[in-house]
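Only one structure is covered here, and it is reproduced in the block below.
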Amino acid sequence: MGFKEKMMKKAIFYVILLLIAFQAISCKKKDDTTTTPSLLGLDIDGEYDNFMGENSDIWVQADVEDLYVSNGSKLPEKIGIYFTVSSNVGVRDTVTRDVDASNPKHYIHLGEAGNYIIQCFAYGGESVYNASASINITVVNPETALTGLPEDLPTVEIGGNTFRTTTVEGKTWMANNLYGTESGRDYQKAEILTSLFGKYYTWTEAQTACPEGWHLPTAAEFDEGLDLDPGSLMVDASFVNVKMWSYWPQVTISNRTKFCAIPVGYLDLNKEEDPEQAYKKYACFWTQDQVEDRGVFRSIFEQGEVVQKSLGDKNTLALSVRCVKD
């Protein structure tokens, strides 16, 4: 047998030994490794809103009613609960740590404006991985939350509320969405946002929502003055330091008309659990007009190159309202 043949056989022998060793190690790992199950189904109950004013006090409590173990095994006899609060304003704290069956309400003070994340953890020792749940609360100062708006617009006081105005093609328009009325709805039911986002009205409500001396525009009035490139109606505003309109190359935001449109979307009242739709994508405004049994509205889409002309259900679609001076 030649030298090369001997070396080849020797190499093959060592390769076989390595494969056997690797297989043995792999089998041992499979035998020694077990999958640790997780606690699941944790939720957070409490008294709070997604948007709140500065220096608000809330309470939260772990909702463990639907807690279970991922592999179907019995829950650990002792489960601990703790909460943490973190935010972009320097607050980071372990609120409390409750062992065994104790699960009281936890009272939390939300101070200055910013975004707060409240997390809840349920732990059952080394036999299971922790369960977790979180909520996000934005603390808002209405005086500073919405930035990027022109500061030189004239204003009017109506029923104790302040409205910016702009004049386009000889007509005076409100330059912020209507609010301060008995009818209409707030975004996510947060009254703190009413003066910033305005209210959302059905077509039926919108017909009588404008105050005395003002009226809901007809489709013709809207089109005569505002059927322009959308960028001339959009304002490059930020809400709590986050841009409201996304950047799209086909849209140049100039707010040339000082109409100050912001994308607060619309409400679909058929969806009781989550009615808010298209936030940061659309700005939608009712007109007086109707086609058969549907209301006529105008909308601005974040990527749109034209103001869109649309129809909507009169009683289940809720949009913004801009009033025109008589």
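Dividing the mean sequence gap of close Cα pairs (under 8 Å, 6+ apart) by how many residues segment 192-326 holds gives a relative contact order of 32 percent. When the Gaussian network model of the chain links Cα atoms closer than 10 Å, the mean-square fluctuations of A175, A209, A220 top out at A220. With helices as the sole contributors, the chain gives -4500 deg cm²/dmol at 222 nm; each DSSP H run of n ≥ 4 counts as -39500 (n - 2.57), and the sum is divided by every residue. As a rough guide to protection, the peptides 186-194, 254-262 ranked by mean Cβ packing within 10 Å, highest first, stand as 254-262, 186-194. Report in % the part of the accessible area of the chain that belongs to carbon and sulfur, leaving out ligands and nucleic acids; probe 1.4 Å. In the chain, the share of accessible area belonging to carbon and sulfur is 49 percent. The magnitude of the dipole of the chain, with charges of +1 and -1 set on the Cβ of Lys/Arg and Asp/Glu and taken from the Cα centre, is near 2180 debye. Note: relative contact order over the chain, using C-alpha pairs below 8 Å and six or more positions apart, is 14 percent. Against the chain, whose longest principal axis comes from its Cα atoms, helix 3-32 is set at around 60 degrees.
In this entry, segment 131-254 is assigned a mean projected area of 10.7 nm², taken as a quarter of its C-alpha convex hull surface.
Alpha-carbon geometry of segment 54-205: the Rg and the Dmax are 22.7, 74 Å, given in that order. Whole-Hz Karplus values for segment 274-289 come out as 9, x, 5, 9, 6, 4, 6, 10, 10, 10, 10, 9, 6, 10, 6, 6 Hz, taken residue by residue from phi with 6.51 cos²θ - 1.76 cosθ + 1.60 and θ = phi - 60°; glycine and proline positions read x.
Calculated FRET efficiency, K105 to N130, Cβ-Cβ distance, R0 = 25 Å: about 0.75 to the nearest 0.05. Which of G198, G225, G213 moves most in a GNM of the chain, Cα contacts under 10 Å? Answer for the Gaussian network model of the chain: G213. Shown in residue order for segment 209-215 are the 3J(HN,Hα) couplings computed by the Karplus curve 6.51 cos²θ - 1.76 cosθ + 1.60 at θ = phi - 60°: 7, 5, x, 4, x, 9, 8 Hz (x for Gly and Pro).
Cα centroids of segment 263-326 and segment 97-168: 26 Å apart. Here segment 226-293 is treated as an ellipsoid with the same Cα gyration tensor; its semi-axes, largest first and in whole Å, are 23, 19, 9. Springs join every pair of Cα atoms under 10 Å in this Gaussian network model of the chain, and among W203, W248, W214 the largest mean-square fluctuation is at W248.
Legend: distances between Cα atoms for K171/K325; K243/K281; K171/K199; K189/K271; K281/K309; pairs beyond 18 Å are K171/K199.
The values are calculated or read from the model by the stated rules, or taken from the named source; none is laboratory data. This one's a predicted model, so the numbers in the text were calculated from it and none came from an experiment. Virtual Cβ from ideal backbone geometry, glycine too; neighbours counted across all protein chains shown. The protein model used for the area step is the full one, side chains on, heavy atoms only, and it has no ligands, DNA or RNA in it. Shrake-Rupley method; radii C 1.70, N 1.55, O 1.52, S 1.80 Å.
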